[in-house]
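Each remark here refers to the structure printed beneath this line.
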């Protein structure tokens with residue numbers, strides 16, 4: 001990955017609706033090489049997908065929560081069942097298996113605490129857990145989907 005690829009990725013991370021011509025111009029190359037580079041990065045999996053980012057508050061999803069889960073069952077079957085259950089809850093927007101005292105962290109969105117309670121009930125019905133706790137965001141200090149490109153091979 002060279003500086004031009006990094007520039008293209010920077011542009012796409014900021015605005016995936018840019019045309020090939022706009023990307024090419026801003027990256028300092030012509031349209032055909034820009035298109036080829038983007039296609040190659042898609043084929044290589046560098047560009048995973050292109051999405052539209054929605055405003056959660058405008059969709060009545062003003063509560064962001066971080067659910068901390070501990071379990072005593074660390075079997076493959078438990079993990080498969082839990083992952084399948086989590087994938088069926090659309091309000092869970094991110095899910096991680098972690099190191100340390102907490103086994104799993106989920107990021108959820110909900111309209112309010114009552115909405116979170118409904119999510120909580122679906123989660124505890126889906127898999128046996130030792131401890132479930134949640135913290136709720138009071139203020140979003142940073143919210144980005146842009147990854148730093150300074151570590152990209154080049």
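Bear in mind that the values in this text are calculations on the coordinates, not laboratory data. Computed from a predicted structure; not experimentally measured. Cβ: placed from backbone, ideal geometry, glycine included. Neighbour counts: every protein chain shown.
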Can you tell me the orientation of helix 3-14 relative to the chain, as the angle in degrees between its alpha-carbon axis and the longest Cα principal axis, to the nearest 10? 50 degrees
Between the helical axis of 113-126 and the dominant principal axis of the chain, each derived from Cα atoms, what acute angle in degrees is found, rounded to the nearest 10? 80 degrees
Packing-based ranking, highest mean first, of 15-25, 129-139 given that Cβ atoms within 10 Å are counted: 15-25, 129-139
What's the ranking of 91-102, 109-120 by average number of surrounding C-beta atoms within 10 Å, highest first? 109-120, 91-102
Calculate how steeply helix 31-43 sits against the longest principal axis of the alpha-carbon atoms of the chain, using the helix alpha-carbon long axis, and give the answer as 0 to 90 degrees to the nearest 10. 30 degrees
Does region 3-43 classify as rounded, prolate or oblate by the C-alpha gyration tensor (a ≥ b ≥ c root eigenvalues; a/c under 1.5 gives rounded; else a/b over b/c gives prolate, otherwise oblate)? rounded
